[in-house]
Structures are given as structure tokens and as C-alpha cells.
Amino acid sequence: MIDKDTLRKAYLRKRLLLSEAEFVRRNQLLQERFEKYIRQHKPNAVHAFLSIEKQAEVSTFPLISFMKKEGVERIAISKSLPLGELLHYWYDEKVVLKNNKWGIPEPEEGTVADIDDLDIVLVPLISFDKTGHRIGYGKGYYDRFLSKIPNVITVGLSLSPPLDSIPFTGELDVALNYCITPFATYQF
């Protein structure tokens, strides 16, 4: 039986093999679906992850720009702490970003965000399945974060369609409520 780490590596490799043109095309299609989702749900406060470029993640800076233009009042971003936790800051143009050891842009400082104020959390992932379970990067940062705010709406962003099933979901894994892809928006 294949394990989660093997799936993680295989689907990350698959994403990294997208041509530049296909990567751009999928991001544009995803953005169109994302814009529709935000217009329908009208959140006040959204937590967004900042893309790891070297991992060919969904480009989130255009999504953040759109949310600001659309009137989302506050957008939070995270900073990784040494013991596997995330510290959250409200994001604006004054926030200075610096790449951490994984290549993730993070705020150096700023105004700490109250996660209880969030309406939606955009969740990074490598792959997901048709029941809303995801394969992340394996460190558990987002599962720990999401377990603290169980009533928040979780929205995964994926450049690929779902797997039929991820057979090994752990007790601490937090499922998504939605996942937006270039091809469809899934609700779980």
C-alpha cells in the first residue's frame, strides 16, 4: 500500500512538471473561480497563505489583490514558529516580507491578527480528495491552526483535480469545506 509521503512526493513532482504556460493558464482559470466564490460569500476577514514559488503553488498575491479591491476588510498571513505553530498578522502594503527556510514569504513584524475574527482560511495543499481531505507538506502547521478555529470556512486552492480518495487520514487532519481548482469548485 502506498503511503502519504509517497503520494505527497509524486503529486508535488507532477505539479512541478507543469509547463510555464500551463501553470499560468491554470492560475488564471482558478482566479476566475476564486473571484466568483468571494463575490458570492462576501467575507470580511480572510487568512491567505503566501505562495512558495519554487513549489509551483497557486499564485496567491493576485487573489489577495482581488480581495482587497472587492472590499474584504482584513487579510491575515502567517509566520512559522519553531515549535510547529503559526503566528498570524494582518497584511497590508507596509508589511515587510522575508522568505523563511522553506522559501515561504513571511511578515517580519506587524499587527497580530485574532484568528477568531476570520471568516475564511485559504489552505495550501499538494493534493486533495473528493471528500475534502488534503495532502499538505507534512509538518501539520495548518491542521494545528485550523483545529483552534473549528467553525471557520476552509478553502483549499489546487491547480489539479481531486484524487478519488486519500486512504490514510489521521485523527488530527482537518478536512476542507471547499476546494477551488481551475476546473471546478468543490464543496464537501
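The values are calculated or read from the model by the stated rules, or taken from the named source; none is laboratory data. All values reported here derive from a predicted model rather than from experimental measurement. Cβ placement follows ideal geometry from the backbone for every residue including glycine, while neighbour counts extend to all protein chains displayed.
Values computed for the structure shown
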quantity: Segment 85-133 - residue that is surrounded by 19 or more Cβ atoms within 10 Å (Cβ to Cβ) and charged (D, E, K, R) and, of those, farthest from residue 160 (Cα to Cα); calculated: 106
quantity: Filter pass, residue 72 being part of a loop (DSSP other than H, G, I, E, B), within 27 Å of residue 28 (Cα to Cα) and modelled with pLDDT of 95 or more; calculated: yes
quantity: Matching option when the condition is touching a Ser or Thr at 6+ places or on another chain (Cβ under 8 Å), part of a loop (DSSP other than H, G, I, E, B) and closer than 23 Å to residue 127 by Cβ, among 50, 30; calculated: 50
quantity: Yes/no for residue 63 being within 23 Å of residue 183 (Cβ to Cβ), among the aliphatic types (A, V, I, L, M), surrounded by 12 or more Cβ atoms within 10 Å (Cβ to Cβ) and in contact (Cβ under 8 Å) with a residue 12 or more places away in the chain; calculated: yes
quantity: Close pairs (6 angstrom Cβ cut-off, 6 or more residues apart or separate chains): among the β-branched types (Val, Ile, Thr) in segment 86-110, loosely packed, with under 12 Cβ neighbours inside 10 Å anywhere; calculated: 96/108
quantity: Residue match in segment 147-161 (condition: charged (D, E, K, R), loosely packed, with under 15 Cβ neighbours inside 10 Å and at pLDDT below 95); calculated: no
quantity: Within segment 1-27, tally of residues that are more than 24 Å from residue 48 (Cα to Cα) and part of a helix (DSSP H, G or I); calculated: 6
